[in-house]
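Everything below concerns the one structure shown next.
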């Protein structure tokens, strides 16, 4: 069982997922870390632009399959849309999400100004793209993929841990 938590860079995915994993017995991984481990190299820059997108998705599929095969429930954070090395939006194909066996999706959103502030504080950098447009593309691709795969989708705007945990626990069928 894989619950996918998506959203643009700086929206709070890792923070909430780590907190949830500390409270419940699920494996938490970020897609970027799994890709990094699988490929033994990073393929993106500090401004979050990604080079070899196809190769990275193959690596992600392999890493997630190992976790699922081991019988672990996976809380995975990542993206439906990436920014390529030309600062263009690249929507990931539905097959990527089918292959990693997502059973539920949570999209995290926040105001573009809040996200810009978090990115500046965390990475000492600005986004390579318009954050508002990135939010729109991420949501649209999530809706498309979830509709195509018949996977439930919840969109949360700046949730606290309680609200986030309620939705994720519902997907994992865990009592709070």
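Here, each number is a calculation from the coordinates, and none is a lab measurement. What you see is a predicted model; the values in this text were computed from it and never measured. Note that each Cβ is placed from the backbone with ideal geometry, even for glycine, and that neighbours are counted across all protein chains shown.
Can you compute the FRET efficiency between residue 155 and residue 37 using 1/(1 + (r/R0)^6), with r the Cβ-Cβ distance and R0 = 45 Å? Round to the nearest 0.05. Working shown, then result.
Numbers: r = 29 Å, r/R0 = 0.65.
E(calc), rounded to 0.05, equals 0.95.
Could you list 13, 37 so that the one with the fewest beta carbons within 10 Å of its beta carbon is first and the one with the most is last? Don't skip to the end; give the middle numbers.
Details: 13 23, 37 12.
By the 10 Å Cβ count, ascending: 37, 13.
Send over the Kirkwood Rh of the chain, from the inverse of the averaged 1/r over different Cα pairs, rounded to one decimal Å. Before the final figure, lay out the partial values.
Numbers: mean 1/r = 0.0617 Å⁻¹.
Radius from the Kirkwood sum: 16.2 Å.
Given a Förster distance of 22 angstrom, what is the FRET efficiency for residue 148 paired with residue 84, based on the Cβ-Cβ distance and rounded to 0.05?
0.50
How big is the convex hull of the Cα atoms of segment 68-160, per residue, in Å³?
Numbers: hull volume 12.0 nm³, N = 93.
Convex hull volume per residue, Cα atoms: 129 Å³.
So how much slack lies between residue 166 and residue 113, counting 0.36 nm per residue of separation and subtracting their Cα-Cα distance, in nm?
On the way: separation 53, 0.36 × 53 = 19.08 nm, distance 2.65 nm.
So the chain would gain 16.4 nm between residue 166 and residue 113.
Once the piece of chain linking residue 19 and residue 173 is laid out straight, how much longer is it, given 0.36 nm per residue of separation minus the C-alpha distance between them? Present the calculation step by step, with values, prior to reporting the outcome.
Values: separation 154, 0.36 × 154 = 55.44 nm, distance 1.77 nm.
Gain in length upon complete extension: 53.7 nm.
Compare 39, 61, 139 in a GNM of the chain, Cα atoms joined below 10 Å, and give the one with the largest fluctuation.
Highest fluctuation of the listed residues: 39.
Suppose only helical runs count, i.e. DSSP H with n ≥ 4. What mean residue ellipticity at 222 nm does that imply for the chain under -39500 (n - 2.57) per run, divided by all residues and rounded to the nearest 500 deg cm²/dmol? The partial results should precede the final answer.
Working: 7 runs with 86 residues, N = 176.
Helices in the chain give a 222 nm mean residue ellipticity of -15500 deg cm²/dmol.
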